[in-house]
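The values are calculated or read from the model by the stated rules, or taken from the named source; none is laboratory data. This one's a predicted model, so the numbers in the text were calculated from it and none came from an experiment. All Cβ positions, glycine included, derive from the backbone under ideal geometry; neighbour counts span all protein chains shown. Quick note on the areas: whole protein, heavy atoms, side chains included, nothing else; ligands and nucleic acids left out. Shrake-Rupley method; radii C 1.70, N 1.55, O 1.52, S 1.80 Å.
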Amino acid sequence: MKTVQKYYANKEALNQVCRDLGIVKSKWDNYMKKMQIRGLAVKNFSLMSTGQKDFSIEIYQELARNFTKMYKEKGIQKEVLYKDLFVYKDKDNFIINEKDRVVYLEKYEQHGAVYGDVNPKLIYNQVRVDSEIASLIEYFTKSMNSTNERQEKYKNVFYSPDEQLEEIQDEARINSWLDSLKNKGVRVFAGLIEYPIISYNFKYISYEDGLNEISSDPILNGYFILLFSSIKDDIDYFKFHYNIDYNYETLSKLQEKFPIKFEFPIENIEKFNFKNEANNQILNTLANKYLELQSNKEFTKIIPDAYMLPFAFNSTPRIIGVKRKQNKKDENDKKN
């Protein structure tokens, strides 16, 4: 029989979340009604928060997912990472991949400001598509850009009735495409991830020659994930696992020790627009500059493998669908 690895809670992190969300531990049952986490009633949660009992990774994952949802309900954009909720009793026995991250893709059933202005997007499909469904997915996905487009159009204008009307129209379009997808048996799931990448800054140094000075700039970039799933699969949410080869702290250390600067003779640069040829040329040049440092011993102490440096999201995710756990009443209703 396989032994389930268990860990004790990070009491400080757990208590901070409870303070943020106004959770009263003695009334944990009130929150459990929404969470539905088996094995975590009031007594067990009390033992968890005081470090008296250890729990499985799955419990912490479920907690992180539900805490994140509660933050969003309060209008706070904060992602709770399950790894932050526990500590390692014995590091030698730690079996989780340190590079692994997981976020939760929740049902996206109506227009929401939380996701509206995040680019770029990562799109995944688990539906058997025909031409009609493919077109609906395309229209819906493109409609998600409406917030950015509207903000750009009115960036020099004080908030106006025209802009308010366009915002209503944008919201209506998104909701209409969602309804159309639902009618075709397609459900949309969405989530946000942060992924450290090497980006760049640029400034003109010669308008006559069209020269820019490019300088490397590591950032923690946000990505909006859209996943399309069949309603028939009855998925409650998805776990989106992805790896980070070099975290933001490592990239910052790289920047401190080996900043990259070069002149680039090109105009009309648009950062993060990967359809823009200038962006791709600059990133390729940056990559080659780092590869030239591969023989430098000080460089390899920070970055053992320059080929793994991230200039965009380059992880291969594992996406796991989780079905809603049915209680006995639900099961009896289905039988009858």
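With respect to GLU12, is the statement that it is within 19 Å of VAL103 (Cα to Cα) and free of Cβ contacts under 8 Å to residues at least 12 places away in the same chain true?
no
Quick grid of which residues meet (1) out of contact with any strand residue (DSSP E or B) (no Cβ under 8 Å at 6 or more places or on another chain); (2) among the basic types (Lys, Arg); (3) over 24 Å from ALA190 (Cβ atoms):
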{"site": "GLN52", "(1), (2), (3)": "yes, no, yes"}
{"site": "SER56", "(1), (2), (3)": "no, no, yes"}
{"site": "GLU62", "(1), (2), (3)": "yes, no, no"}
{"site": "ARG65", "(1), (2), (3)": "no, yes, no"}
{"site": "TYR71", "(1), (2), (3)": "yes, no, no"}
{"site": "LEU85", "(1), (2), (3)": "no, no, no"}
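Given (1) open to solvent by 80 Å² or more (accessible area, probe 1.4 Å); (2) part of a loop (DSSP other than H, G, I, E, B); (3) modelled with pLDDT of 80 or more, identify the lone condition not met by LYS275.
(3)
Which ones in the range 278-322 are surrounded by 13 or more Cβ atoms within 10 Å (Cβ to Cβ) and over 28 Å from the mean Cα position of the chain (by Cα)?
Scanning the range 278-322 gives LYS289, LEU293, GLN294, ASN296, PHE299, THR300.
Please specify each residue of the range 227-264 satisfying the condition of being out of contact with any Gly (no Cβ under 9 Å at 6 or more places or on another chain) and assigned to a helix (DSSP H, G or I).
Correct list: TYR248, GLU249, THR250, LEU251, SER252, LYS253, LEU254, GLN255, GLU256, LYS257.
Is there any pair with a first residue in the range 209-231 that is closer than 17 Å to PRO196 by Cβ and of a type in the set (A, V, I, L, M) and a second that is open to solvent by 10 Å² or more (accessible area, probe 1.4 Å) and assigned to a strand (DSSP E or B) whose Cβ atoms are under 6 Å apart and which are 6 or more apart or on different chains, and what are they?
LEU220/GLU194; ILE225/LEU122
How many residues does the range 162-201 contain that are under 18 Å from the mean Cα position of the chain (by Cα) and aromatic (Phe, Trp, Tyr)?
Of the residues in the range 162-201, 2 are under 18 Å from the mean Cα position of the chain (by Cα) and aromatic (Phe, Trp, Tyr).
Find all pairs meeting these conditions: Cβ atoms under 8 angstrom apart; at least six residues apart or on different chains; first residue within the range 22-44 and touching a residue at least 24 places away in the same chain (Cβ under 8 Å); second residue open to solvent by less than 70 Å² (accessible area, probe 1.4 Å) and acidic (Asp, Glu).
Between residues of the range 22-44 that are touching a residue at least 24 places away in the same chain (Cβ under 8 Å) and residues that are open to solvent by less than 70 Å² (accessible area, probe 1.4 Å) and acidic (Asp, Glu), the close pairs are MET35/GLU62; ILE37/GLU62.
May I ask you to list pairs of residues, at least six apart or on different chains, whose Cβ atoms are under 9 Å apart, with the first in the range 50-63 being under 18 Å from TYR237 (Cβ atoms) and free of Cβ contacts under 8 Å to residues at least 12 places away in the same chain and the second being of a type in the set (Val, Ile, Thr) and open to solvent by 20 Å² or more (accessible area, probe 1.4 Å)?
GLU58/VAL4
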